[in-house]
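Let me begin by presenting the structure, written as structure tokens, before commenting on it.
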Amino acid sequence: LPRMQNSSSKSCPCPSFRLREVASMYFTMIAVFLVILVVALQGSVPHGSDFPYKVPLDPQGLLELSWNVSYPEQRVHFQLLIRDLQFGLLFGMSDRGEFENADLAVLWSDGHNSYFGDAWSDAKGQLHMDSQQDYQLLGARRAPEGLYLLFRRPFSTCDPKDYLIEDGTVHLIYGILEKPVHSLQAINISAIHRGLQRVQLLKPNITIPELPSDVKTMEITAPDVVIPSQETTYWCYMAELPDGFPKHHIIMYEPVITAGNEALVHHMEVFQCATEFDSFPHYNGPCDSKMKPERLNYCRHVLAAWAMGAQPFYYPEEAGLAFGGPGSSRYLRLEVHYHNPLVFKGRRDSSGIRLYYTATLRPYDAGIMELGLVYTPVMAIPPGEDKFILTGYCTDKCTQLALPAAGIRIFASQLHTHLAGRSVVTVLARDGREQRVVNADGHYSPHFQEIRMLKEVVAVFPGDELITTCTYNTEDRSRATVGGFGILEEMCVNYVHYYPQTQLELCKSAVDPGYLHRYFNLVNRFNDEEVCMCPQVSVPQQFYSIPWNTFNRDVLKSLYNFAPISMHCNKSSAVRFPGEWEKQPLPTITERLREPVPRCPPILGPRPAAPIPLNLGELRRD
């Protein structure tokens, strides 16, 4: 260094002074920045009320995520409580909960110094610092209960390495670093304790209606159940309304979770039983038990549904869900899904759902209508498919006949498929033009189903069409997947909640059976192998016998895209409205909705691809 100064001084006596001055100013600015950062990071933790949504990330409840949504800023603010910090944490999002091709915020420590940065993982799971730092750290603070990390992230970053936060399900992933690491690249994601949690991040920003003065509550809860020591349990419990219980309106419901079981109670539903039976047997046990009475399968009318991370559900001020009184069953079935991957033993649980109801009936009864595909094996998905699309229709002919002139208002929706479902969307069309999306979930998971309030009420009028499209993945299957009630069969349903209630309870379709028979004939003619079409052979067996080459797959896709449909335009009594419903033409759509263009946040200044140092002190070495 002295030689460098001497050699430079021959040409000019000034630069060495300027260099020292610039260097001094530079290091002073760095020091000031670090002081400000440390002070900021040790500031007070925001109040819990600033983060209305909360969910445990891991089964032990050691990681607790809270968040809020700013639609004007198009940002999500996160508060992550780490109750037992070791040497860092990975938190992020990916398409379906994978750790490959994931978008991550990473906190790591070498045991002495700690760092925070925005990172991404490649297809092999190797971590890289992101050139665009979009997880912005806002604060960090130790508290008696653990370490709070506060950071934010725009919905859309226009960074190809980042996850686009959209409406619907988001697969959150986490990983715990139990050993010190000297760099981001040194983290081996396959060797860390990790997991995933599904949430709806973008909650609707709706006004909560005021509850009436005569509101009463009723709790439908499990009776001190011992949670089985296995990963997955569906528990069924039968409850009864009081004898002579008159008609009321449910106007709100919320979860009741036994303290300490917040990470085990995955989702819950309350079903009302069919009115065709005068009584139902009492039952308290696993839903898949051979001891469960067969009659409980007739308790399928959803009154309430909650999934982890969901808020209380409110009905619009002008409507309520009727229960009690004539024509309403007294019998209810509670179903609780326990997710117990750590196989805890002896945990007792009395979780359930609290219904808020009123005897002062609101102007309208709310109704629930099924849209999508009929539960029938004529709709099938070949094996080995990455993205296979099936579509169900509620046609203009049905809505013209069944809906009142003033139309109906859809305010909530519950999407449903079985295990192969990957995305579901329902679109409203009018006069051949798509008008708007009713509800969509591009990262749908059959393991996370809840009734979701819509951001805006959707008006549907006579003559409108409601088109529900499901995308499936059967890459892990060796034979065709047919439609039906079994968990390895498939469904494509949107249960829409609306008012005023009408007689129309089901508006769904399936391909015309005659055209499917022609498909089986065609497959026989163009393939060496025989597809048995004997009268006694069922449709599923015919699908199972098809050799699934490219030709047979493509022809089936074409069949579903052009063949006439059988429409089910059904009343509550499961009887179709009068009319001709067989061999109906597919709705003609002349104008599609444009794909939404992500809004890129303004670049306020350079965001260097460098981690931010945190003053968390020396982390523990157990």
Go through Lys508/Lys583; Lys124/Lys161; Lys203/Lys345; Lys54/Lys203 and tell me which ones have a Cα-Cα distance over 23 Å in this structure.
Lys203/Lys345
Using heavy-atom solvent-accessible surface (probe 1.4 Å) with all chains present, what is the largest-first order of Thr207, Thr358?
Thr207, Thr358
Partners for Lys397 among aspartates and glutamates (Cα-Cα distance below 13 Å; same-chain residues under 8 apart left out):
Asp431, Asp464, Glu465, Glu580, Glu582
Alpha carbon convex hull of the stretch 205-341, volume per residue in cubic angstrom
129 Å³
With the full set of protein chains in place, find how many percent of the accessible area of the stretch 215-362 is carbon and sulfur; take the probe as 1.4 Å.
49 percent
Can you give the longest run of the chain that contains no trypsin sites (Lys or Arg not before Pro) sitting in a DSSP loop with at most 12 other Cβ atoms inside 10 Å?
388-591
Amide H neighbours of Val302 at under 5 Å, excluding residues fewer than 5 places away on the same chain, with H built from the backbone geometry, are Gln272
Given the whole protein assembly as supplied and a 1.4 Å probe, what does the accessible area of Trp235 come to in Å², nearest 10?
30 Å²
Using only protein heavy atoms and a 1.4 Å probe, report how much of Met379 is accessible, in Å² to the nearest 10.
10 Å²
Nearest 500 deg cm²/dmol is fine: what mean residue ellipticity at 222 nm does the chain get from its DSSP H runs of n ≥ 4 alone, each adding -39,500 (n - 2.57), divided by its residue count?
-4000 deg cm²/dmol
So, taking all protein chains as they sit and a 1.4 Å probe, how much accessible area belongs to Tyr364, in Å² rounded to tens?
90 Å²
q = 0.07, 0.12 Å⁻¹, the chain: log10 I(q)/I(0) [Debye, one scatterer per Cα]:
-0.53, -1.36
Restricting attention to the alpha-carbon atoms of the stretch 368-571, what are Rg (one decimal) and Dmax (integer), both in Å?
17.5, 57
Karplus ³J(HN,Hα) for the stretch 370-387 (6.51 cos²θ - 1.76 cosθ + 1.60, θ = phi - 60°; Hz, whole; x = Gly/Pro) runs 8, 10, x, 9, 5, 6, 8, x, 5, 9, 9, 10, x, x, x, 8, 7, 9
Cα pair count fraction exceeding 15 Å, expressed as % - the stretch 97-174:
62 percent
For the stretch 226-271, max minus min Cα coordinate along each principal axis, in Å, sorted largest first?
40, 20, 16
For helix 513-526, report the angle its Cα long axis makes with the longest principal axis of the Cα atoms of the chain; keep it between 0 and 90° and round to the nearest 10°.
70 degrees
If I take every Cα pair under 8 Å that is 6 or more residues apart in the stretch 260-369, average their sequence separation and divide by the length, what percent do I get for the relative contact order?
42 percent
Per-selection Rg to Rh, the stretch 240-308 - Cα, Kirkwood hydrodynamic radius:
0.99
Karplus ³J(HN,Hα) for the stretch 479-486 (6.51 cos²θ - 1.76 cosθ + 1.60, θ = phi - 60°; Hz, whole; x = Gly/Pro) runs 9, 4, 10, 9, x, x, 8, x
Under 17 Å from a point placed 7 Å out from the Cα of Asp214 along the Cα-to-Cβ direction: which residues of the stretch 237-257 have their backbone N that close?
245-252
Note down the net charge around Ile220, summing +1 for each Lys or Arg and -1 for each Asp or Glu among other residues with Cβ under 11 Å from its Cβ.
-2
List the residues of the stretch 494-520 whose backbone N lies under 20 Å from a point placed 7 Å from the Cα of Glu580 along the Cα-to-Cβ direction.
508-516
I want to check the label-to-label distance for Ile487 and Ala359. Put each point 7 Å from Cα in the C-beta direction and report it in nm to one decimal.
4.3 nm
Mind checking the angle between helix 550-562 and the chain's longest principal axis? C-alpha axes, 0 to 90 degrees, to the nearest 10.
70 degrees
Taking the dipole about the Cα centre of the chain, with the C-beta of Lys and Arg at +1 and of Asp and Glu at -1, give me whichever of Phe520, Met379, Ala440 is farthest to the positive side.
Ala440
If you split all Cα-Cα distances of the stretch 53-203 into 10 Å bins from zero, what percentages do you get per bin, shortest first?
11, 45, 37, 6, 0
Hey, got the dipole for the chain? About the Cα centre, +1 on K and R Cβ, -1 on D and E Cβ, debye to the nearest 20?
1200 debye
Report, in whole Å, the centroid distance computed from the Cα atoms of the stretch 117-194 and the stretch 439-456.
24 Å
At 1.4 Å probe radius, can you tell me the per residue accessible area of the chain in Å²?
47 Å²
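The values are calculated or read from the model by the stated rules, or taken from the named source; none is laboratory data. In this text the structure is predicted, and so the values were computed from the model without any measurement. Using ideal geometry, Cβ is built from the backbone for each residue, glycine included, and neighbour counts are taken over all protein chains shown. Accessible surface is based on the protein model in full, side chains and every heavy atom, while ligands, DNA and RNA are left aside. Shrake-Rupley method; radii C 1.70, N 1.55, O 1.52, S 1.80 Å.
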